[in-house]
Amino acid sequence: MLYFNLNGQFYPENELVLGIKNRAFRYGDALFESMHANGMSVYFFEKHFTRLTYGMKMLKMEIPYNFSMVFMANEIESTLHKNRLFQGARVRLMVFRNGSGLYSPETNKISYLIEVEKLESDTYDYNVKGLIIGIYTEVRLTRSIFSNLKTGNSLPYILAAIFRDENKLDECVLLNEADELVEGTGSNIFLVKNETIFTPNLNSGCVAGVMRHQIIKTARNLGFTVREDFQLTEKELKACDEVFFTNAVKGIRWALAFNNKRYFNRISRILHSKLLEIQ
C-alpha cells in the first residue's frame, strides 16, 4: 500500500480526499514536477523547485510563507520514508489552487500533493535498445507564456501518447503550428549533426525541462557546440546523425530509427556517462 501526502497529511493511495469541485480536476488549474529520487534526495531539486515557484507566480497562485525549498524537500523525504522507498523512486509534486468557483477562483491559496512510486533503477539508465520514433501531427502545440510550464492541461501529450501506442512506436515528436519540432510526449528532444547539438528554442513551445537545462550545460562544459537558435523541422530530423530525448525521471534515451532513417548514439552515450558523475 502506497501513501500520498496532501498538505502534510498522509492518506492511502486509494482514498478519495479531493472533491468534485477541485480546480485541478475541473480546469487543470495546477502545476506539477516529476522528479527522480534516490535515497532521500531528489536529483536537481533546486531547479525543479525554482521552475515550480516561477510557474506559481505566473499563474498568480499565493505562495505560503513556509513553502520553501527546504520545507518541500523535507516533505518529499517524509513521503519517501512513509512508503519505505529508500532507493530509486519517481516523485510527483503537484500544486493546485484551492476552492471552487467557475473560471474566477474563490481564492488564490494553494494545496500541495506529493505522490511517490518505485522505479526500476536507482540511477539514470541508458536504454540498450534505441527508440523507434514518429511524428504526431493531429494536434499542434501552441506557443504561449504557459508553454514552458508543466501544467494540469496535458491533452496534446495524451493524444500524442495514444498515437504512439496505436502505431507501436517508442516515442513521437510533437510539432507547433509552424511545423517545427517541439518535444516528445514527456521529454525534450535533441538532434546531433556533425558534432553540433541542436534543441528547440524555448520559444518553440517546449517545456523548459530541468534535464534539458542540465544536458545543455553538461554538453557545453564538455566542449560541444549547442544551438538553440535553429528552427528544427522534419527535414533536420531526417538529416541528423543522432536523436535523443531527455527528462528528469529517465535521463537520456537515444533513438535508433525514424521511418527508414537510422541513427548513431555516440554523443548521447558520452552525455549519459557524464550525467551519472554529477547526480
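For the reader, a short list of remarks on this structure follows.
- Spin-label pair Ile158/Asp241, simplified geometry with 7 Å Cα→Cβ offset, distance in nm: 4.1
- Using the alpha-carbon positions of segment 3-118, Rg (one decimal) and Dmax (whole number) come out as 14.0, 42 Å.
- The charge dipole of the chain, taken about the Cα centre with unit charges on the Cβ atoms of Lys, Arg (+1) and Asp, Glu (-1), comes to about 220 debye, rounded to the nearest 20.
- Excluding the site residues themselves, the longest part of the chain lacking any trypsin sites (Lys or Arg not before Pro) in a DSSP loop with at most 13 other Cβ atoms within 10 Å is 169-279.
- C-alpha long axis of helix 155-166 to longest principal axis of the chain, angle in °: 50
- Only one item in [x] 32, 22, 17; [y] 30, 23, 17; [z] 136, 18, 11 matches semi-axes √(5λ) of the Cα gyration tensor in Å derived from the coordinates shown, and that item is [x].
- Extending 7 Å from Cα along the Cβ direction at Ser68 and again at Asp229 yields two label points whose distance is 4.1 nm.
- Kirkwood hydrodynamic radius (C-alpha pairs) into Stokes-Einstein, segment 131-278, 20 °C and 1.002 mPa s, D in µm²/s: 141
- Long-range HN-HN contacts of Glu183 with modeled amide H, under 5 Å: Leu174
- FRET efficiency for Arg92 and Phe264, using Cβ-Cβ distance with R0 set to 45 Å, rounded to 0.05: 0.85
- Percentage relative contact order, segment 131-278, counting C-alpha pairs under 8 Å, at least six apart: 24
- Seen against the Cα atoms of the chain and their longest principal axis, helix 266-278 is set at about 30 degrees.
- Cα shape, segment 181-238, gyration tensor, a/c 1.5 rule: oblate
- Paramagnetic reach from Leu2 in segment 51-88 [backbone N under 16 Å; point 7 Å along Cα→Cβ]: 76-88
- Folded to 0 to 90 degrees: helix 45-58 orientation relative to the chain principal axis, Cα: 70
- A straight Cα-to-Cα reach below 28 Å connects Lys60 with the lysines Lys21, Lys47, Lys109, Lys150, residues fewer than 8 places away in its own chain not being considered.
- As a ratio to 2.2 N^0.38 Å, the alpha-carbon radius of gyration for segment 158-201 is 1.28.
- Debye, to nearest 20: dipole size of segment 62-122, +1 on Lys, Arg Cβ, -1 on Asp, Glu Cβ: 80
- For the chain, the relative contact order works out to 18 percent when only alpha carbon pairs closer than 8 Å and six or more residues apart are counted.
- Qualifying lysines (Cα of each under 17 Å from Cα of Lys238; at least 8 residues distant if same chain): Lys193, Lys261
- Taking every C-alpha pair closer than 8 Å and separated by at least 6 residues, the mean separation divided by the residue count of segment 3-118 gives a relative contact order of 37 percent.
- Loop-located chymotrypsin sites (Phe, Trp or Tyr not before Pro) across segment 61-133 with a Cβ neighbour count of 16 or fewer within 10 Å are Tyr65, Phe86, Tyr103, with loop assigned by DSSP.
Read-outs throughout are calculated quantities, based only on the coordinates presented, and are distinct from any laboratory measurement. Everything quoted here is computed from the prediction, not taken from an experiment. FYI the Cβ positions are ideal-geometry reconstructions off the backbone, even for glycines, and counts take in every protein chain you see.
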